[in-house]
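Asks: Once you've had a glance at the structure underneath, I'll fire off some questions.
None of the figures in this text is laboratory data; all of them are computed from the coordinates on show. Computed from a predicted model, the values in this text were never measured in an experiment. As a convention, Cβ positions derive from the backbone with ideal geometry for all residues, glycine included, and neighbour counts pool all protein chains shown.
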Amino acid sequence: MRSDIHRFFRGVRRGLGGDPFPYLWVPELHKTGHGWHVHFAVGQFIRRGLIESVWGRGFVHIKLIGDLPVGTTTREEARVAARYLSKYLGKGFSGGGGLNRYDLAQGFQPAIEAIFARTMEEAIKAASDRMGGAPDVVFRPDQHDGFQGPPSVWMSWR
């Protein structure tokens, strides 16, 4: 599957003129447990005909992220796409063989941004400042019975 997907994106790149473009894809095992399918997001419009002709392996379903208000920024669009794909990142599958649970276009890896703080609350505030507002979801596993790891936090912004 992985080599098919890489071949697919090389074909799409050729069909768009050859310039690299950002994309992220996430595999998902079908509900029946037989076969895989892939969810992906790209940073630009791609004709359905190009996708179907390059894929050539069966069903293609496209969902345009089009229900955004006028004036939506690129960052807000990316957050919507990230929320969509994160649903599939959270689903487990066996037999992954240690491979990444996602993959993205070469040269478009996100930068790591370190945040240093004395307390968890200061860290959450610093992350909120960097993201332009408070997170919509905050989960602190260290505040739940039975958690045995170090203090940690998971946050999500819409």
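Asks: Give the longest segment of the chain that steers clear of chymotrypsin sites (Phe, Trp or Tyr not before Pro) in DSSP loops with at most 16 neighbouring Cβ atoms within 10 Å, not counting the sites themselves. Provide the component values of the computation, followed by the final result.
Replies: Working: sites that count: F45, F59, F93, Y102, F108, F116, F147.
It runs 1-44.
Asks: A follow-up question, please. Once you keep just the Cα pairs under 8 angstrom separated by 6 or more residues, what percentage relative contact order results for the stretch 1-110?
Replies: Result for the stretch 1-110 is 34 percent.
Asks: Next up: So what is the relative contact order for the stretch 1-57, in percent, with contacts set as C-alpha pairs under 8 Å and at least six apart? Mind dumping the intermediate values first?
Replies: Numbers: 42 pairs, mean separation 18.2, N = 57.
Relative contact order for the stretch 1-57 comes out at 32 percent.
Asks: Direction-averaged shadow area of the convex hull around the Cα atoms of the stretch 8-158, nm²? Don't skip to the answer; put the middle values down first.
Replies: On the way: hull surface 49.4 nm².
Dividing the Cα hull surface by four gives the mean projection, 12.3 nm².
Asks: If you filter the stretch 1-95 for trypsin sites (Lys or Arg not before Pro), then keep DSSP loop positions with at most 16 other Cβ within 10 Å, what is left?
Replies: Filter output for the stretch 1-95: K31, R47, R57, K63, K91.
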